[in-house]
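Novice: Sharing a structure, written as structure tokens. Questions coming.
The values are calculated or read from the model by the stated rules, or taken from the named source; none is laboratory data. Owing to the predicted nature of the structure, the values given are computational and were not obtained by experimental measurement. Here Cβ is always computed from backbone atoms with ideal geometry, including for glycine, and neighbour counts include all displayed protein chains. Side chains are part of the model used for accessible areas, which takes the heavy atoms of the whole protein and leaves out ligands, DNA and RNA. Shrake-Rupley method; radii C 1.70, N 1.55, O 1.52, S 1.80 Å.
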Amino acid sequence: MSKEFDIVAYYKTLLVESPELSMPVAAIKSLVELIKQSQATTMSEFMISIKDASQKLKSSVRNSISLSAGCDLFLRFVTRNSLDVADFETWKASLISRGKSFVEKADACRYKIAEVGEPFIKDGSVVLIHAHSRVVSLLLQKAAASHKRFKVFVTESSQTQGGIRSAKVLRAAGIPTTIILDAAVGYVIDKVDMVLVGAEGVVENGGLINQIGSYQMAIVAKAANKPFYAVAESYKFVRLFPLNQYDLPTYNADTLSFQELNVDYDAKTSEDAAGIPSKSLTGSAATKTLSATASPSVASSQTALHMKTSEDQTLQGSNPLVDYTPPNYITLLFTDLGVLTPSGVSDELIKLYL
């Protein structure tokens with residue numbers, strides 16, 4: 001492999017230059033470029049370079065679920081085709097050609113999903129979506145282009161502000177869209193006819209890994225007896241079998257951990273600052289003293305602990321980016337392979353990897 005080729009930098013450049021490019025497709029394009037740049041002369045050396053590059057890509061981002069799906073699928077593709085190698089250089093050229101073809105087909109997946117899911121959007125319905133998903137937006141735009149009249153609630157997704165982005169896209173397509181707080185899902189659920197979310201990954205049991213908040217939306221939807229639909233490209237099917245949130249690859253010991261507090265509190269200093277004598281006062285005497293010696297702001301702060309923490313700085317780092325929704329909360333999945341039940345995902349994964 002050429003030392004000058006930095007696959008992580010190339011991958012990030014692809015995402016910057018093509019904002020609509022999904023992470024797994026960008027990963028596959030990067031690996032195809034790696035094959036072009038490779039200086040490997042043996043099959044063994046070549047396979048090691050591909051695996052090392054895949055691992056570098058996975059380690060380069062905090063949320064690597066969908067990126068891992070693309071890398072693993074491409075690795076499986078390379079491994080499967082390595083069994084019939086007659087001429088090494090000819091085989092490399094074939095890989096590059098097939099890789100480009102795969103990327104082109106992957107770009108068309110969203111349009112297939114939009115066609116599959118569009119009939120489920122009924123005229124006069126209200127749809128609740130979460131944050132921003134390119135394929136969800138495309139599906140709704142296609143439904144609007146079919147002259148269906150419907151409205152959309154979208155959660156703001158405070159962590160990424162993805163809901164604001166979705167609202168701009170949908171409003172530009174003439175779809176009435178209202179942004180709601182992430183905590184307002186339960187408040188609006190009785191007004192909606194269906195919940196529609198995207199996916200970072202679909203696991204072996206048909207469960208869903210998606211932006212944080214998807215699981216609670218699914219719970220609320222099930223309690224309200226509203227259908228919960230997920231849309232996902234087949235290249236986001238991942239070989240994982242999580243049993244709960246803490247089985248996800250993105251989980252670590254710092255996720256939602258309790259930070260230690262450095263308490264800096266001096267009772268005497270606080271009393272002096274407020275003009276309150278050190279001697280303890282009770283009853284009406286204490287009330288009179290507070291009223292006479294301290295302003296409301298000082299009096300209210302005299303009992304506060306001055307806690308120095310890094311919580312504000314670590315909020316983004318300690319909070320999870322994705323969560324796991326078990327398959328029993330999902331009504332159907334709209335994919336480029338068709339409409340699937342959660343139980344049908346394992347069959348498709350077998351076809352992809354065997």
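Novice: Rounded, prolate or oblate: which fits the stretch 119-198 when a ≥ b ≥ c are the square roots of the eigenvalues of the alpha-carbon gyration tensor, with rounded for a/c under 1.5 and prolate only if a/b beats b/c? Could the numbers behind the result be given before it?
Specialist: Details: a/c = 1.90, a/b = 1.28, b/c = 1.49.
Judged from the Cα gyration tensor, the stretch 119-198 comes out oblate (a/c at least 1.5, b/c at or above a/b).
Novice: Separate question: Given the stretch 133-260, what percent of its DSSP beta bridges are antiparallel, to the nearest 5? Mind dumping the intermediate values first?
Specialist: Working: 2 of 10 bridges.
If we restrict to bridges inside the stretch 133-260, about 20 percent are antiparallel.
Novice: Lysine pairs in the stretch 7-110 with Cα distance under 22 Å, only those 8 or more apart or on different chains: how many are there?
Specialist: 26
Novice: Something else: If packing is taken as the average number of other Cβ atoms within 10 Å across a peptide's residues, how do 95-104, 27-36 rank, most packed first? Please list the in-between numbers first.
Specialist: Numbers: 95-104: 14.9, 27-36: 22.0.
Final packing ranking: 27-36, 95-104.
Novice: Which FRET efficiency, nearest 0.05, do Gln159 and Glu115 yield, Cβ-Cβ r, R0 25 Å?
Specialist: On the way: r = 31 Å, r/R0 = 1.25.
According to the calculation, E is roughly 0.20.
Novice: Using alpha-carbon pairs under 8 Å, 6+ residues apart, how would you state the relative contact order of the stretch 7-110 in percent?
Specialist: About 36 percent, as a whole number.
Novice: With a 1.4 Å probe and all protein chains in place, put Tyr215, Tyr251, Tyr246 in order of accessible area, largest first. Don't skip to the end; give the middle numbers.
Specialist: Working: Tyr215 65, Tyr251 95, Tyr246 145 Å².
Sorted descending by solvent-accessible area, the residues read Tyr246, Tyr251, Tyr215.
Novice: Sticking with this one: Full-extension gain between Lys191 and Thr90, please, as 0.36 nm times their residue separation minus the C-alpha to C-alpha distance. Before the final figure, lay out each step's value.
Specialist: Working: separation 101, 0.36 × 101 = 36.36 nm, distance 5.91 nm.
Here the segment from Lys191 to Thr90 would lengthen by 30.5 nm.
Novice: Ok, one more. What is the sum of charges around Ser125, taking Lys and Arg as +1, Asp and Glu as -1, for the other residues whose C-beta is under 15 Å from the C-beta of Ser125? Kindly include the intermediate steps, with their values, before the conclusion.
Specialist: Values: positive: Lys122, Lys142, Lys148, Arg149, Lys151, Lys191, Lys226; negative: Glu118, Asp123, Asp190, Asp193.
Spelling it out: positives minus negatives among the neighbours equals +3.
Novice: A further question follows. Ignoring ligands, DNA and RNA, what percent of the accessible area of the stretch 114-248 is carbon or sulfur (1.4 Å)?
Specialist: Details: 3000 of 5700 Å².
Accessible surface attributable to carbon and sulfur in the stretch 114-248 totals 53 percent.
Novice: Once you keep just the Cα pairs under 8 angstrom separated by 6 or more residues, what percentage relative contact order results for the stretch 184-244? Don't skip to the end; give the middle numbers.
Specialist: Values: 78 pairs, mean separation 27.1, N = 61.
Computed over the stretch 184-244, the figure is 44 percent.
Novice: State in Å² the accessible area per residue of the stretch 7-110; use a 1.4 Å probe, count heavy atoms of protein chains only, and round to the nearest integer. Let's see the in-between values first.
Specialist: On the way: 4940 Å² over 104 residues.
That works out to 47 Å² per residue.
Novice: Now for a different question. Heavy atoms only, probe 1.4 Å: what % of the accessible area of the stretch 7-110 goes to carbon and sulfur, would you let me know? If you can, show how the numbers build up before the last one.
Specialist: Numbers: 2630 of 4940 Å².
The C+S portion of the solvent-accessible surface of the stretch 7-110 is 53 percent.
Novice: Right, here's the next one. With viscosity set to 1.306 mPa s at 10 °C, what whole-number translational diffusion coefficient in µm²/s follows for the stretch 7-110 from Stokes-Einstein and a Kirkwood radius over Cα pairs?
Specialist: It diffuses with D of about 114 µm²/s by this estimate.
Novice: Same structure, new question: Suppose the chain between Glu4 and Lys122 were pulled fully straight at 0.36 nm per residue; how much longer would it get relative to their current alpha carbon spacing?
Specialist: Values: separation 118, 0.36 × 118 = 42.48 nm, distance 5.30 nm.
Between Glu4 and Lys122, full extension yields 37.2 nm more.
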